[in-house]
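Some notes on the structure that comes next.
Every read-out reported here was derived from the displayed coordinates using simple, explicitly stated rules and does not represent laboratory data. Keep in mind that what you see is a predicted model, and the values were worked out from it rather than measured. No Cβ is skipped: glycine too gets one built from the backbone with ideal geometry, and neighbour counts run over all protein chains shown.
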Amino acid sequence: MRKGQLQIQETILVVFIFIVLIALGLVFFYRFQLQSIQSEIQEYEHDHLSTLLVSLPESPEFSCSFRGEKGHCLDTFKLLAFSEVSGKDSSFFQRFGYMNISVYSLYPSSSVPCSSSQFNSCGVWTIYSRLPEDKHLILGKEVLDSPVSLYFPDTDSYGVGLLVVEVYGR
Amino acid sequence: MNHKGQTEQFNWIFVLVAGAIILGFFSLFIFKYVELQQKRFNIGISQDLSNAFQVLSTSSVGSSSTIDSSEGFKIGSTALLDFSCTDDQLLLRVNEDPDAVYRFRDEFVFSRSSLRVDSLDLWLKPWFFPFYVGNFVFLSDPDDVFYFVYDASTREEVLSLDIPSIFTVKTVSINDALPERSSLRVVYFTSSLPRSDLDRFSSVSHISLSEKNVRFYEEGRWSDEISFPSDAFVYGAVFSDSSSLFSCLVQKSEERISFLSKVYAQKAHLLSFFDRRPECSYDLLFQRLVSFGKGDYDLLSSLEGENSACMLVF
């Protein structure tokens, strides 16, 4: 009887340890998967940002055009017009989320922000800006930039600018 | 002796039960793991497609190409792509996975409502109305065969339709018999609506080039007429097979025109401060752009004329 009981207890112990080892293995596997998924999410968000950086200058809202033909430059008057028109349209938050999109004029250089009252000889266009209401929720910020060609319709001239996209992570 | 035998028996029963539980646990784990990997795969496809559509919708290149898994989208294997319109939002779902959904923003993608493919034929066509609005992206299964049916009154217009050679298109008269194959996509450009024997085709539509409207044959009956603002939508109607999807895209295009008209109107207002020549009527152009954005598309030709007068608005 004692020998039998001993044997059963031995079996139970072996099975119990086996289950504990498997559980530990599963916990490690789960953490590894979670990290892998988080890394994929970050990679996706980076790809999304890169796509935005490529497609924004080609969007009809910003790109210059000449009798309907699309040019490879940003129309500075359209940048200002867009920021004024989109401010009243809440659907852009669905498109862009929490980010800042700005264009800086490098040549001719100017650090004056552009607005409807100051659109001559200015050099900073804030196209879109939306920050999370609670700044403590911001975990980080990713910034990408790209050089762009600028077109000034008032003087019919071109310049060089920098398109900067800042995305806030929560 | 009896106790020894019973002990042995109980031992075996215990081992079998424990073994079954462990095996069941492992089986459940494997199924869940396979489900998770499938979900990651589906989401990966939807992300790749979303990035591709975003770039294609504003790309400067208007070209036709065959995109397949070895070159373009890299789907990797056969995937089910479902396009739908819900609450005026165009959606793409991959492999019926509720987590692998892409919500289109400003992209105009014309396609069948459901595609089970491992490769895609794709065509980009920039749309001007009168300013550049975006690229139309036309998608098709490489196995699809299009039949354009014309009658005497529409023959010339149908033959002048310019569809790239990557798509298999055959143009026939209303008097010609159509093949018995069920995978055909038939587009009627006839004066009257065809009635008979349409269920055998995979998709049927009727486009009126003169009145700029289209009907789709769905679930055994013709849909209501859907009007479209521009001739470019004729190609969209050719590649679509669903009235709800096509209506969705027409509505999106009107919203897009409305927004872009506001941007150009504001630009015209800014230009008026610099160009004060009496012959330049930026205020008139401003008013016309505002009306155009609200749907008065009859102003199209006058807008083009006004634009070429002074500093270019668009």
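When +1 charges are put on Lys and Arg Cβ atoms and -1 charges on Asp and Glu Cβ atoms, the dipole computed for chain B relative to its Cα centre reaches about 800 debye. Distance between the modelled labels on residue B:193 and residue A:45, one decimal in nanometres: 5.1 nm (7 Å Cα→Cβ projection). Karplus-based coupling profile of segment B:109-120, in residue order and whole Hz: 10, 9, 7, 5, 6, 9, 10, 10, 9, 10, 8, 9, with θ = phi - 60° in 6.51 cos²θ - 1.76 cosθ + 1.60 and x standing for Gly or Pro.
Against chain B, whose longest principal axis comes from its Cα atoms, helix B:282-293 is set at around 40 degrees. Globularity index of segment B:252-307 is 1.11 (Cα radius of gyration / 2.2 N^0.38 Å, N = number of residues).
Determine the shape class of the protein assembly as shown: with a ≥ b ≥ c the square roots of the Cα gyration tensor eigenvalues, call it rounded for a/c under 1.5, and otherwise prolate if a/b is greater than b/c, oblate otherwise.
Details: a/c = 3.46, a/b = 1.52, b/c = 2.28.
Note, shape of the protein assembly as shown comes out oblate.
Relative contact order (percent) for chain B, with alpha-carbon contacts under 8 angstrom and 6 or more residues of separation? So the answer I get is 13 percent. About the centre of its Cα atoms, the protein assembly as shown shows a dipole size close to 1520 debye [charges on the beta carbon of Lys, Arg (+1) and Asp, Glu (-1) only; nearest 20 debye]. Could you tell me which of B:126, B:17, B:148 has its Cα farthest along the dipole of the protein assembly as shown towards the positive end, charges placed at Cβ (Lys, Arg +1; Asp, Glu -1), taken about the Cα centre? Of the candidates, B:17 comes out farthest on the positive side.
Restricting attention to segment B:131-238, which GluC sites (Glu not before Pro) occupy a DSSP loop and are surrounded by at most 11 other Cβ atoms within 10 Å?
Details: sites: B:156, B:157, B:180, B:211, B:218, B:219, B:225; in loops: B:180, B:211, B:219, B:225.
Within segment B:131-238, the qualifying GluC sites (Glu not before Pro) (loop, at most 11 other Cβ atoms within 10 Å) are B:180, B:211, B:219.
Each Lys and Arg contributes +1 and each Asp and Glu -1, all at the Cβ; summed about the Cα centre of segment A:31-169, the dipole is approximately 160 debye.
Candidate cross-link partners of residue B:39 among the aspartates and glutamates, defined by an alpha-carbon separation under 15 Å and a same-chain spacing of 8 or more, comprise A:40, B:48, B:96, B:97, B:99.
In units of the rule-of-thumb radius 2.2 N^0.38 Å, chain B shows an alpha carbon radius of gyration of 1.41. The alpha carbons of segment B:192-314 occupy a box of 64, 22, 18 Å along the principal axes, longest dimension given first.
With N as its number of residues, segment A:31-169 has a Cα radius of gyration that, divided by 2.2 N^0.38 Å, comes to 1.16. Helical runs (DSSP H, four residues minimum) scored at -39500 (n - 2.57) apiece and divided by the length of the protein assembly as shown put the mean residue ellipticity at 222 nm at -13500 deg cm²/dmol.
A Förster radius of 60 Å, combined with the Cβ-Cβ distance separating residue A:32 from residue B:152, puts the computed FRET efficiency at roughly 0.30.
Output the 0 to 90 degree angle, nearest 10, between the alpha-carbon long axis of helix A:2-55 and the longest principal axis computed from the alpha carbons of chain A. The angle comes out near 10 degrees. Among the listed pairs A:78/B:262; B:267/B:294; B:125/B:267; A:78/B:125; A:78/A:135; B:252/B:294, those whose Cα-Cα separation exceeds 21 Å are B:125/B:267; A:78/B:125; A:78/A:135.
Nearest 5 is fine: what % of DSSP beta bridges in chain B come out antiparallel, could you say?
Working: 35 of 53 bridges.
The antiparallel fraction comes to roughly 65 percent.
Give the residue from B:6, B:228, B:242 lying farthest towards the positive end of the charge dipole for chain B; charges sit on Cβ (+1 for Lys and Arg, -1 for Asp and Glu) and the dipole is referred to the Cα centre. Sorting the options by dipole projection puts first B:6. Residue-wise HN-Hα couplings along segment B:97-103, as the Karplus relation 6.51 cos²θ - 1.76 cosθ + 1.60 with θ = phi - 60° gives them from phi, are 8, x, 8, 9, 10, 10, 9 Hz; Gly and Pro carry x. Normalised Debye scattering of segment A:16-106 at q = 0.22, 0.23, 0.26 Å⁻¹ gives log10 I(q)/I(0) of -1.16, -1.20, -1.33, counting only Cα atoms as equal scatterers and leaving out solvent. Take each residue of peptide B:260-271, count the partner chain Cβ atoms within 10 Å of its Cβ, and average: the result is 6. When the charge dipole of chain A is built from unit charges on Cβ atoms (+1 for Lys and Arg, -1 for Asp and Glu) and taken about the Cα centre, the candidate among A:82, A:51, A:163 whose Cα reaches farthest toward its positive end is A:51.
Sparse packing (at most 16 other Cβ atoms within 10 Å of the Cβ) combined with a DSSP loop state is found for the following trypsin sites (Lys or Arg not before Pro) in segment A:33-96: A:67, A:88.
Relative contact order of chain A, please, whole-number percent, based on alpha carbon pairs below 8 angstrom and at least 6 residues apart.
On the way: 231 pairs, mean separation 35.0, N = 170.
After rounding, I find 21 percent.
Rounded to the nearest whole Hz, the Karplus-based 3J(HN,Hα) values (6.51 cos²θ - 1.76 cosθ + 1.60, θ = phi - 60°) of segment B:87-93 follow the sequence 6, 6, 10, 7, 10, 10, 10, with x at glycine and proline. Angle of helix A:76-86 to the longest C-alpha principal axis of chain A, folded into 0 to 90 degrees and rounded to 10: 60°.
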